[in-house]
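*Asks:* This is the structure, below, for whatever I ask next.
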Amino acid sequence: MSTKIIVEASARHIHVTQETLEELFGKGHTLTIKKELSQPGQYACEEKITAVGPRGRLEKISILGPVRAANQLEVSLTDARVLGVEGVIRESGDIKGTPGIQIFNGDKCVTLSEGVIVAKRHVHLDPATAAEYNVKDKEVVMTKIDTADRALIFDDVMIRVSPSFKPAMHVDIDEANACAYQNGSVISKIIKR
């Protein structure tokens, strides 16, 4: 295939509502863009929070913008263990029945009743690239990633197709470490199940 699909390691991060943002950073606060991300319209922010669970805490977690309709903290399974919450693997946006957490900015705290997920690994594709690889939205496939020392086939990879997407596979830090991920890693093959 001619279109390369890059692999990106997604570090822990949080998406917040405008209400939560204002509770933590003050009335009328807007997110401060630090850098644009690969997916159009998405960006990492200067604002950071601390997440505190029953067993531990994670500090300096980046907020990703823009604000959303629901709060969602995305962590790895290792992070979930550190926090002391169940590592529930879900597609982004599917937060019903997931663990809650406390999030802090200094002494300001918001208690989330749900929203902690381990994001299901997925591939963002525009329609033309999806057609090139003969896959469709919501299809579950396997992907092969060739790295110097730890080539790996990932199963249970969700395909997500939208005209607004740029081709990229997102894995969390645990998954990136499993395949010896480095910047510039690409999918070498998409395998139908």
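*Asks:* Taking D107 as meeting all but one of (1) open to solvent by 30 Å² or more (accessible area, probe 1.4 Å); (2) in contact with a helix residue (DSSP H, G or I) (Cβ under 9 Å, 6 or more places away or on another chain), write down the number of the exception.
*Replies:* Failed condition: (2).
*Asks:* All but one of (1) open to solvent by 40 Å² or more (accessible area, probe 1.4 Å); (2) touching a strand residue (DSSP E or B) at 6+ places or on another chain (Cβ under 8 Å) hold for T78, so report the exception by its number.
*Replies:* (2)
*Asks:* While we're here: Collect the residues in the range 47-71 that are of a type outside the set (K, R) and open to solvent by 40 Å² or more (accessible area, probe 1.4 Å), keeping them in residue-number order.
*Replies:* If the condition is that a residue be of a type outside the set (K, R) and open to solvent by 40 Å² or more (accessible area, probe 1.4 Å), then P54, E59, P66, V67, A69, A70 are the ones that fit.
*Asks:* Does any residue in the range 31-56 that is under 21 Å from H170 (Cβ atoms) come within less than 7 Å, Cβ to Cβ, of a residue that is hydrophobic (A, V, I, L, M, F, W, C) and open to solvent by 60 Å² or more (accessible area, probe 1.4 Å) six or more places away or on a different chain, and which pairs are these?
*Replies:* Here the result reads Y43/I33; Y43/L37; A44/L37; C45/I33, each pair linking the range 31-56 to a residue that is hydrophobic (A, V, I, L, M, F, W, C) and open to solvent by 60 Å² or more (accessible area, probe 1.4 Å).
*Asks:* Filtering the range 162-173 down to residues that are over 13 Å from the mean Cα position of the chain (by Cα) and open to solvent by 40 Å² or more (accessible area, probe 1.4 Å), which residue is farthest from A119 (Cα to Cα)?
*Replies:* Filtering the range 162-173 for residues over 13 Å from the mean Cα position of the chain (by Cα) gives 162-167.
Narrowing further to those that are open to solvent by 40 Å² or more (accessible area, probe 1.4 Å): 163-166.
On the way: P163: 22, S164: 20, F165: 17, K166: 18 Å.
Step by step, filter the range 162-173, then rank; the result is P163.
*Asks:* Could you tell me whether S62 is more than 16 Å from L112 (Cα to Cα) and at pLDDT below 95?
*Replies:* The answer is no for S62.
*Asks:* Further question: Run E114 past the list (1) touching a Pro at 6+ places or on another chain (Cβ under 9 Å); (2) among the acidic types (D, E); (3) surrounded by 18 or more Cβ atoms within 10 Å (Cβ to Cβ) and report the number of the one that doesn't hold.
*Replies:* (3)
*Asks:* Report yes if some residue within the range 2-15 is open to solvent by less than 20 Å² (accessible area, probe 1.4 Å), β-branched (V, I, T) and in contact with a helix residue (DSSP H, G or I) (Cβ under 7 Å, 6 or more places away or on another chain); otherwise report no.
*Replies:* no
*Asks:* (1) out of contact with any Cys (no Cβ under 7 Å at 6 or more places or on another chain); (2) of a type outside the set (S, T, N, Q); (3) over 30 Å from I187 (Cα atoms); (4) open to solvent by less than 60 Å² (accessible area, probe 1.4 Å): which one isn't true of A44, the others all being true?
*Replies:* (3)
The values are calculated or read from the model by the stated rules, or taken from the named source; none is laboratory data. Everything numeric here is computed off the predicted structure, so don't read it as measured data. Every residue, glycine among them, receives a Cβ derived from its backbone with ideal geometry; neighbour counts consider all protein chains shown. Only protein heavy atoms, including side chains, enter the accessible area calculation; ligands, DNA and RNA are left aside. Shrake-Rupley method; radii C 1.70, N 1.55, O 1.52, S 1.80 Å.
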